[in-house]
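So the structure is just underneath, and the comments pick up after that.
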Amino acid sequence: MAPKPVTAARLRRAPPILVCKKCLGRIDDGKKLRKALKSEAKNRSAVQDVRPPRVVTTSCFGICPKRAVVVASAATLRNGKYLLLSKAKASAEAIAALMPDSQP
């Protein structure tokens, strides 16, 4: 029996949060924003009773805002949306959009 060319795998955690690495380097508190996203995702995943998602830095999304960071997740990409975060304080509001309560 030949192996299947494509195999599907199910995640054991929430889908990853994608953050533009180039944008993180441009803003003043990029490291602070990334830490805030990780912390808020950890708190939200505890409420949803799932393992926290990975916060993954990616290459450029091609949007390139002046003073903001482009962030996305499976939930936002499903709707064709990207989030633009300008401050670490916005991470709590962003996590609500990145990790909605109803996961399929």
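Structure notes:
- Among the candidates Val56, Val50, Val69, residue that is modelled with pLDDT of 95 or more and surrounded by 14 or more Cβ atoms within 10 Å (Cβ to Cβ): Val69
- Considering the range 72-92, and only residues there that are closer than 16 Å to Asp29 by Cβ and free of Cβ contacts under 8 Å to residues at least 40 places away in the same chain, the residue that is surrounded by the most Cβ atoms within 10 Å (Cβ to Cβ) turns out to be Ala90.
- Checking Lys35 against (1) in contact with a Pro (Cβ under 6 Å, 6 or more places away or on another chain); (2) of a type in the set (Lys, Arg); (3) touching a residue at least 40 places away in the same chain (Cβ under 8 Å), the condition it does not meet: (1)
- Residue, farthest from Val69 (Cα to Cα), within the range 6-30, restricted to residues that are without any contact (Cβ under 8 Å) to a residue 12 or more places away in the chain and surrounded by 11 or more Cβ atoms within 10 Å (Cβ to Cβ): Leu11
The values are calculated or read from the model by the stated rules, or taken from the named source; none is laboratory data. Bear in mind the structure is a predicted one, so any value in this text is a computation, not a measurement. So basically every Cβ, Gly included, is an ideal-geometry build from the backbone, and we count neighbours across all protein chains shown.
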